[in-house]
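Nothing in this text is a laboratory measurement; each read-out follows from the coordinates by a stated rule. Computed from a prediction, not measured in an experiment: that's the story for all the values here. All Cβ positions, glycine included, derive from the backbone under ideal geometry; neighbour counts span all protein chains shown.
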Amino acid sequence: MTLHLYDTYTRSLREFVPLNPPHVSLYACGLTVYDYAHIGNLRTYIFEDILRRVLEFNGYTVTHVQNITDVGHLVSDADTGEDKMEKGSQRTGKSAWEIAALYTQVFQEDLRQLNVLEPTIWCKATDHIPEQIAMIQCIEANGYTYRTGDGIYFDTSRLPDYGRLARLNLAGQQAGIRVERGEKRNPTDFALWKFSPPEAQRQMEWDSPWGVGFPGWHIECSAMAAKYLGPLFDIHCGGEDHIPVHHTNEIAQTQACYGTNLANYWLHGYFLQLNESRMSKSSGDFLRLQTLIDQGYDPLAYRYYCLNSVYRAKLNFNWEGMDAATTALNRLCQTVYEWGAPGSVDEEFLDRFQAEINDDLNLPRALALVWELVKSDRPAATKKATLLMMDQVLGLRLADWQPAAQHIPDEISQLAQQRQAARAAKNWAEADRLREQIAAAGYDVQDTAVGPQIRPQK
Ligand code: AMP
Ligand code: ZN
């Protein structure tokens, strides 16, 4: 069955054809670890996890590389202002190295709680300084760099194709530009290497052929992707904000050094918004996964919430949506549990499911199909086997769910046992009478493949 993905580079839905089937190489931009991940960031990682699971569902083996940005990301895209890590260090009173370690660890724990599959390779920018220096030297040797008072810059006017990913209107930008561009030759030029400021010692700095300093933000991804996946690989992804600057510049660097376009497919997840505006770490107005957990929500309910919208549209976060996702997920888990042991898969439903996910990861339609299966007249064992297969993509841990140990009063349990005895003796009238007595006390009893289940009435 063919898989179609929306490629930002060509602005089209394209059939996915990997370079070396059945292998797929995937690079996802990681977190800038100067603060906790917010649930907007996590929406993007859930989308990338779904992408990976869909690839695997289609029989591909995926090498998934994800970096950690622990240096070089400045507060401004124009390469001015402080390094986000140094800024985070001032905010917390901890060293830049300490906060990188702390936020990386919390981020990885968030991903585990959301059942996001572990990338094949995690790579940190600070562990790859020699690779980044070597790539800058390659770009320099090919004639794409110049030196200013504060760093080594990429001359974007040398690349005829610069900005193609974002459809940047360079002529318009150059003419209309009013902002201070310092010593940069073109407004879109960007730093490959920044010199440490002479007045202050930086916490993160390294020797280089150009002087002591630190790498620009974009070079880390070009250098690490080339190291682990080669200069041309299958899919590169990230959030929509990466289109005009970060990914545009990653492509420029790779073209200048290797003459390749970095990736064959470019996929971008759209923003999670809070009160109609982008959730961002820098604004400070953000929700963490832990915030949801503290309010009593299951992390997987947030996963369900994200699956219920397409990744290529902005999503407004609201608590009613979280409540609805919680109810739906609980119902699904409980239903699957009560179906008992799995039997054989319903191939027709599974094919329809694959058709939905292969249509540019249409998870909302895939979830609608899940509910159609739940309500269908297929045998419980068939439904269970089919749903567990689907869960390889959904990642809702349906097989692991157990009913919460809820307190059922002794007298209700006793009534339920008497009812079981009546049923065993085929005394249906007595069994019905006991069920009504249980209901009058505020509980429902349901007969399932794993025995009678008692729960408080809603
Ligand atoms: P950062 O830590 O800023 O480098 O972002 C990590 C990932 O989260 C990147 O792929 C961003 O594009 C993505 N991202 C940032 N803000 C949001 C948001 N509000 N909603 C969804 N993804 C986001
Ligand atoms: Zn990146």
### Task
Compute the acute angle (0 to 90°) between the alpha-carbon long axis of helix 129-141 and the principal axis of greatest extent of the alpha-carbon atoms of the chain; round to the nearest 10°.
50 degrees
### Task
Please quote Rg/Rh for the stretch 320-448 to two decimal places, taking the Kirkwood radius as Rh and restricting both calculations to Cα atoms.
1.07
### Summary
Unit-weight point scatterers at every alpha-carbon of the stretch 14-56, Debye formula, q = 0.16 1/Å: log10 I(q)/I(0) is -0.55
### Summary
If R0 = 45 Å, then residue 440 and residue 14, at their Cβ-Cβ distance, give a FRET efficiency to the nearest 0.05 of 0.15
### Message
Can you compute the charge dipole magnitude of the stretch 277-400 about its Cα centre, using +1 on each Lys and Arg Cβ and -1 on each Asp and Glu Cβ, nothing else charged? Give it in debye, rounded to the nearest 20.
### Response
360 debye
### Query
If you line up the long axis of helix 363-375 against the longest principal axis of the chain, both from Cα atoms, how many degrees apart are they, to the nearest 10?
10 degrees
### Message
Using +1 at the C-beta of Lys and Arg and -1 at the C-beta of Asp and Glu, which of 295, 325, 379 has the Cα lying farthest in the positive direction of the dipole of the stretch 277-400?
### Response
295
### Query
In terms of the Cα gyration tensor, with a ≥ b ≥ c the square roots of its eigenvalues, is the stretch 410-456 rounded because a/c is under 1.5, prolate because a/b exceeds b/c, or oblate?
oblate
### Query
Rounded to the nearest 5, what % of the DSSP beta bridges within the stretch 4-269 are antiparallel ones?
45 percent
### Query
Which whole-number percentage describes the relative contact order of the chain, with Cα contacts under 8 Å and a sequence gap of 6 or more?
17 percent
### Task
Hey, could you grab the Kirkwood Rh for the chain? Inverse mean 1/r over distinct alpha carbon pairs, Å, one decimal.
24.7 Å
## Note on the structure
Free-by-geometry Cys in the chain, Cβ-Cβ under 4.7 Å as pairing rule, reported as 29, 123, 221, 237, 306, 333
### Query
Cα centroids of the stretch 314-378 and the stretch 219-277: how far apart, whole angstrom?
32 Å
### Query
For the stretch 440-451, in order, what is each residue's ³J(HN,Hα) by Karplus, 6.51 cos²θ - 1.76 cosθ + 1.60 with θ = phi - 60°, in whole Hz (x at glycine and Pro)?
4, 8, x, 10, 10, 10, 10, 8, 10, 4, 9, x
### Task
Take the alpha-carbon centre of the stretch 295-311, take the same for the stretch 401-451, and report the distance between them in whole Å.
33 Å
### Summary
In whole angstrom, the spacing between the Cα centers of the stretch 133-159 and the stretch 22-81 equals 26 Å
### Sorted by Cβ density within 10 Å, fewest first, the residues 85, 204
204, 85
### Task
Enter the angle in degrees (range 0 to 90, nearest 10) between the Cα long axis of helix 410-424 and the first principal axis of the Cα atoms of the chain, meaning the one along which they spread out most.
60 degrees
### Message
I'd like to know how the stretch 176-266 sits against the 2.2 N^0.38 Å rule of thumb: what's its Cα Rg over that expected value?
### Response
1.23
### Query
To the nearest 0.05, what FRET efficiency results for residue 290 and residue 147 with a Förster distance of 41 Å applied to their C-beta separation?
0.40
### Simple Cβ-charge dipole of the stretch 189-290, Lys/Arg +1 and Asp/Glu -1, about Cα centre, in debye nearest 20
160 debye
### Task
Would you work out which of 182, 412, 18 lies farthest towards the positive end of the dipole of the chain, given +1 charges on the beta-carbon of Lys and Arg and -1 on that of Asp and Glu, about the Cα centre?
412
## Note on the structure
Proxy exposure order for 84, 281 (fewest C-beta within 10 Å first) is 281, 84
### Message
Past 28 Å, Cα to Cα: identify those pairs from 194/281; 227/314; 194/314; 94/194; 84/227, in the order given.
### Response
227/314; 194/314
### Task
At 7 Å along the Cα-to-beta-carbon direction for both residue 433 and residue 95, put a label point, then send me their distance in nm to one decimal.
7.8 nm
### Task
Rank the residues 53, 397 as a footprinting-exposure proxy: fewest other Cβ atoms within 10 Å of their Cβ go first.
397, 53
### Task
Among DSSP beta bridges whose residues both lie in the chain, state the antiparallel percentage, nearest 5.
50 percent
### Query
Dipole of the chain (Lys/Arg Cβ +1, Asp/Glu Cβ -1, origin at the Cα centre): which of 456, 310, 47 lies farthest to the positive side?
456
